[in-house]
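Colleague: Quick one: this structure, given as structure tokens, is what I'll be asking you about.
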Amino acid sequence: MHTAARTLSSTRPSPLQRHRLALLALLLAGSALLLAGCASTRPPPGVTAVTPFDLQRYQGRWYELARLDHAFERGMTDVSATYTAQADGSVRVVNRGYAPASGQWREAVGKALFTGAPTTASLKVSFFGPFYGGYHVAALDPDYRWALVVGPDTGYAWILARDKHIAPAQQNAIVAQARALGVDTAALIWVTHERQDPAH
């Protein structure tokens, strides 16, 4: 037993190795989540992407009013998304938010591509190289003031708006639309917007 104990002790990873192993585990977990969430770039069953859709009107900054919980945004407040049309037909996506746990702003930059005609709001978005996930605008204000977005399935959903707050009646109407599509609206997390993003 003493020999075994010495062997285990001699092979115990150093603090640096443990740190690297923890980072590797985190990356693998993130990759698994990404692959699971990005299995499809088509709209979920029962969801029809908005058409006609005008990217020029949609681009710009949106505030995330509500979302379903996922690890990549967990705990974040003051979240916004900025979309910019590119000359090659793609869309530059910049997601920013504040992480109270670390006291820091975080940013992720990605690329979106239309999955069909650019007049239909069905896109695929990538923040990690070749892996794409569905991004489908399921409901959109005629004046492009708010949007209901779902991902590859209705377990991914966001309510976005041009302003940090919208009227309660309008909010309730959007939630009702999301519920009709199969989104678990009782699980929506309502995002607070109390800080000034230093990047804007």
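Colleague: Residues in region 93-110 that are within 13 Å of the chain's Cα centre (by Cα) and crowded, with 17+ Cβ neighbours inside 10 Å: how many?
Modeller: 5
Colleague: Hey, does region 92-104 have a residue that's touching a Cys at 6+ places or on another chain (Cβ under 7 Å) and touching a residue at least 24 places away in the same chain (Cβ under 8 Å)?
Modeller: For region 92-104, residues touching a Cys at 6+ places or on another chain (Cβ under 7 Å) and touching a residue at least 24 places away in the same chain (Cβ under 8 Å): absent.
Colleague: Looking at (1) among the polar types (S, T, N, Q); (2) surrounded by fewer than 17 Cβ atoms within 10 Å (Cβ to Cβ); (3) more than 25 Å from Pro52 (Cβ to Cβ), which is the one condition that is false for Gln177?
Modeller: (3)
Colleague: So, of the residues in region 126-153 that are surrounded by fewer than 20 Cβ atoms within 10 Å (Cβ to Cβ) and over 26 Å from Gln196 (Cα atoms), which turns out to be modelled with the lowest pLDDT?
Modeller: Per the criteria, the residue is Gly129.
Colleague: Mind checking which residues of region 120-179 are part of a helix (DSSP H, G or I), in contact with a strand residue (DSSP E or B) (Cβ under 7 Å, 6 or more places away or on another chain) and under 19 Å from His70 (Cβ atoms)?
Modeller: Ala178
Colleague: From the residues in region 33-52 that are small (Gly, Ala, Ser) and under 16 Å from the mean Cα position of the chain (by Cα), which one is modelled with the lowest pLDDT?
Modeller: Ala36
Colleague: Okay, next question. Quick check on this structure: which one of Ala87, Ala66, Ala5 is of a type in the set (A, V, I, L, M, F, W, C) and modelled with pLDDT under 95?
Modeller: Ala5
The values are calculated or read from the model by the stated rules, or taken from the named source; none is laboratory data. On a predicted model such as this, the values are computed, not experimentally measured, just so you know. Quick reminder, even Gly has a Cβ in these numbers, built from the backbone with ideal geometry, and neighbours come from all protein chains shown.
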